[in-house]
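What follows draws every value from the coordinates through simple rules; no lab data is involved. Predicted, not measured: the structure shown is a model, and the values here were computed from it. Glycine also receives a Cβ, built like all others from the backbone with ideal geometry; neighbour counts cover every protein chain displayed.
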Amino acid sequence: MITFRSFRNSDPPELAELWRSQRPSHGLLQPMSTSMLERCVYAKPYFDQKGLIVAERHGQVVGFVHAGFGPHADQQKLGRDCGVICLMMTQDTEDARDIRIEMLQHAERYLMEQGVRTIQAGCLENLSPFYLGIYGGCQMPGLLLAYPETIEVFREHGYQESAARVLRQRFLDGFRPPVDRFQLLARRRFEISPSIVTKSDSWWDACMYGHLDRVRFELFDRNTGLPCGRATYWDMGPLPGGPGIAAMGLSELHVDAATQVPGAHEFLLASSLYHLSESGVTLVQVMGTQETT
């Protein structure tokens, strides 16, 4: 018989073991440890034990589902309008599908009791209260295609796909910025300044990225001396996998709309990649929709 309950402080070792039992995927950090889960999940200031629902059979953990919330519009507290079912995992058993269905129902009930109006399946971009750094890639991608059995449960219960996210990566060995007319003009107009991110932009930014090391490249207009864009990367650690890989993930690429200079985005991106390669970074990941990557 399967029973369902809220998270207990004694659960982390069994949840880590369940994670390690999952099929291999490029978007799932392995091997998982309790310390990794502590860092990316339990240590978050808004972690609610009631939102992490555990499925047990005869006292043994056979699955879990984790529901949470995104930020308020001011980015300074949690918002309750939209809930997110962050992650769902089960053992590979004959009744796994039935367990997933019941866990989904428990997670939805928890979120609706908190007053949410809409529910999102899978952490995506800014609506990602947990798991950044151990799931997905440089940004949270929603549901991984590597686990179609989970996607199917959401489809069967009325969830609709919004857009596919595409993860791209590039090894930086031998990277050189492109040279063309627009890049030559941009190089004369702009310069970039790298720095370690020591201060978060908001409470939510601190919650999402505070446990990660970040570097930021600011774009400055030589004519005014003012910043007009920035690119931010975070240290992805072992998530991309492979020995000897020093990986960074692009979390932000922005150039002010008022900066009407062709090639400004390309200059910022290429210059930041070159600086990263010179500092020993070997791989960079970016994520976007199929239309933007």
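Fully extending the segment from residue 105 to residue 43 would add 19.8 nm, taking 0.36 nm per residue of separation and subtracting the current Cα-Cα distance.
Would you work out if segment 169-289 is rounded, prolate or oblate? Take a ≥ b ≥ c from the square roots of the eigenvalues of the alpha-carbon gyration tensor; rounded if a/c is under 1.5, else prolate when a/b is larger than b/c, oblate otherwise.
oblate
Please give the FRET efficiency for residue 8 paired with residue 58, using the beta carbon to beta carbon distance and R0 = 22 Å, rounded to the nearest 0.05. For residue 8 and residue 58, the calculated efficiency is 0.85.
Place a +1 charge on the Cβ of each Lys and Arg in the chain and a -1 charge on the Cβ of each Asp and Glu, then give the dipole magnitude about the Cα centre in debye, rounded to the nearest 20. Mind dumping the intermediate values first?
Working: 28 positive and 34 negative charges, 134 e Å.
Computed charge dipole of the chain: roughly 640 debye.
Separation between the residue 26 and residue 80 pseudo-spin-labels, each 7 Å from Cα along Cα→Cβ, expressed in nm? About 4.1 nm separates the two model spin labels. The charge dipole of segment 2-162, taken about its Cα centre with unit charges on the Cβ atoms of Lys, Arg (+1), Asp and Glu (-1) only, comes to about 400 debye.
FRET efficiency for the pair residue 258 and residue 188, taken as 1/(1 + (r/R0)^6) with r the Cβ-Cβ distance and R0 = 22 Å, rounds to 0.75.
Compared with the dominant principal axis of the Cα atoms in the chain, helix 96-113 is inclined by about 70°.
Adding -39500 (n - 2.57) for every DSSP H run of four residues or longer, then dividing by how many residues the chain holds, sets the calculated 222 nm ellipticity at -7000 deg cm²/dmol. Each part gets one Cα centre, and for segment 141-196 versus segment 109-132 those centres are 22 Å apart. Computed about its Cα centre, the charge dipole of segment 169-289 is approximately 300 debye, with only Lys, Arg, Asp and Glu carrying charge at their Cβ.
Roughly speaking, what is the centre-to-centre gap between segment 251-293 and segment 17-87 when only Cα atoms are used, to the nearest Å? Rounded to whole Å, the Cα centres lie 30 Å apart.
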